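**Student:** Dropping a structure here in structure tokens format, bear with me for questions.
The values are calculated or read from the model by the stated rules, or taken from the named source; none is laboratory data. This structure is a prediction, so every number in the text was calculated from the model and none was measured. All Cβ positions, even for glycine, are placed from backbone atoms using ideal geometry, and neighbour counts span all protein chains on display. Protein only, heavy atoms only, side chains kept; ligands, DNA and RNA dropped before computing areas. Shrake-Rupley method; radii C 1.70, N 1.55, O 1.52, S 1.80 Å.
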Amino acid sequence: VFAELDDAGQEGAVQILVRASLDRDRVLATLCHLAKKGNAGGRQAALHALKGFNKPGISQVIIDALEDPEPRVRAEAILQVRPRQILGAFSILIRMVDDPAEEVREALRTAMPEFSLRQFLRSFDDMAPEPRQVAGTLVRKIARDCVPHLLHEMDRPSPVGRRRAVLAALAMGMVSQLEKRIIELLSDEDHI
């Protein structure tokens with residue numbers, strides 16, 4: 001029956017399943033089936049509905065959904081990796097940072113808030129060079145609008161803030177995008 005429904009129909013069926021007073025194990029089995037075999041909208045809705053369940057086997061459904069061809073489905077799965085404490089959650093999410101889909105990148109921003117530019121700059125001075133490079137690369141791939149934010153930091157009155165912004169651009173591999181402003185900073189009043 002589910003296979004005959006379109007995306008909207010499967011999404012509606014998921015809502016009915018979740019709200020109906022049916023045996024929860026049967027609902028869970030149906031949701032897992034839809035998460036794997038449904039239409040794109042049905043898969044996404046089923047994964048979203050699985051947030052309300054905490055049974056063995058769901059983690060594997062979430063992990064499998066990370067390979068789904070539909071970006072919305074991958075994004076829904078990403079949002080559940082850490083809350084479910086899936087083994088290797090951080091590594092799993094790191095492998096997703098090169099996904100070109102905006103839905104996936106937005107889900108990664110939500111799932112990994114520690115990789116924002118603000119957080120990176122806040123902890124920048126406390127990091128050793130190698131972790132700085134790794135974190136910088138991840139921030140560049142996950143965070144949005146890094147160039148305007150770094151330009152803003154390079155215009156700060158504080159020389160320490162300007163230096164940090166230049167070093168952050170270097171660690172993030174963004175010097176070429178900020179080249180013009182960095183060249184202007186060669187004549188900065190702060191010699192360091």
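**Student:** Return only the number of the condition from (1) of a type in the set (A, V, I, L, M); (2) touching a helix residue (DSSP H, G or I) at 6+ places or on another chain (Cβ under 6 Å); (3) within 22 Å of residue 145 (Cα to Cα) that residue 94 does not satisfy.
**Tutor:** Among (1) of a type in the set (A, V, I, L, M); (2) touching a helix residue (DSSP H, G or I) at 6+ places or on another chain (Cβ under 6 Å); (3) within 22 Å of residue 145 (Cα to Cα), the lone unmet condition for residue 94 is (2).
**Student:** Restricting to region 141-152, count the residues that are buried (at least 19 other Cβ atoms within 10 Å of the Cβ), modelled with pLDDT under 95 and part of a helix (DSSP H, G or I). Explain how you work it out, then say what you get.
**Tutor:** In the first step, residues of region 141-152 are kept if they are buried (at least 19 other Cβ atoms within 10 Å of the Cβ); the result is 142-143, 146, 150.
Remaining after also requiring modelled with pLDDT under 95: 142-143, 146.
Those still in the list that are part of a helix (DSSP H, G or I) too: 142, 146.
Residues in region 141-152 being buried (at least 19 other Cβ atoms within 10 Å of the Cβ), modelled with pLDDT under 95 and part of a helix (DSSP H, G or I): 2 in total.
**Student:** Let me ask something else. Which residues, taken from region 123-140, are of a type in the set (S, T, N, Q) and either under 18 Å from residue 161 (Cβ atoms) or open to solvent by 70 Å² or more (accessible area, probe 1.4 Å) (or both)?
**Tutor:** Passing the criteria: 123, 133.
**Student:** Further, regarding this structure: I'd like the residue in region 1-46 that is closer than 21 Å to residue 67 by Cβ and part of a loop (DSSP other than H, G, I, E, B) and, out of all such residues, is most open to solvent (accessible area, probe 1.4 Å).
**Tutor:** Result: 39.
**Student:** Quick one: count up the residues across region 164-190 that are open to solvent by 70 Å² or more (accessible area, probe 1.4 Å) and either of a type in the set (Val, Ile, Thr) or assigned to a helix (DSSP H, G or I) (or both). Before the answer, list the steps.
**Tutor:** Pass one, region 164-190, residues open to solvent by 70 Å² or more (accessible area, probe 1.4 Å): 167, 170, 176-177, 179-180, 183-184, 186-187, 189.
Those still in the list that are either of a type in the set (Val, Ile, Thr) or assigned to a helix (DSSP H, G or I) (or both) too: 167, 170, 176-177, 179-180, 183-184, 186-187.
Residues flagged as open to solvent by 70 Å² or more (accessible area, probe 1.4 Å) and either of a type in the set (Val, Ile, Thr) or assigned to a helix (DSSP H, G or I) (or both) within region 164-190 amount to 10.
**Student:** Would you mind stating whether residue 19 is out of contact with any helix residue (DSSP H, G or I) (no Cβ under 6 Å at 6 or more places or on another chain) and at negative phi?
**Tutor:** yes
**Student:** A further question on this structure: Yes or no: residue 185 modelled with pLDDT of 95 or more and either in contact with a helix residue (DSSP H, G or I) (Cβ under 7 Å, 6 or more places away or on another chain) or not β-branched (Val, Ile, Thr) (or both)? Even if it seems obvious, please write down each step before you answer.
**Tutor:** On the way: modelled with pLDDT of 95 or more: no; either in contact with a helix residue (DSSP H, G or I) (Cβ under 7 Å, 6 or more places away or on another chain) or not β-branched (Val, Ile, Thr) (or both): yes.
Answer is no for this residue.
**Student:** Does any residue in region 120-131 that is assigned to a helix (DSSP H, G or I) come within less than 6 Å, Cβ to Cβ, of a residue that is of a type in the set (Val, Ile, Thr) six or more places away or on a different chain, and which pairs are these?
**Tutor:** Pairs found: 120/139.
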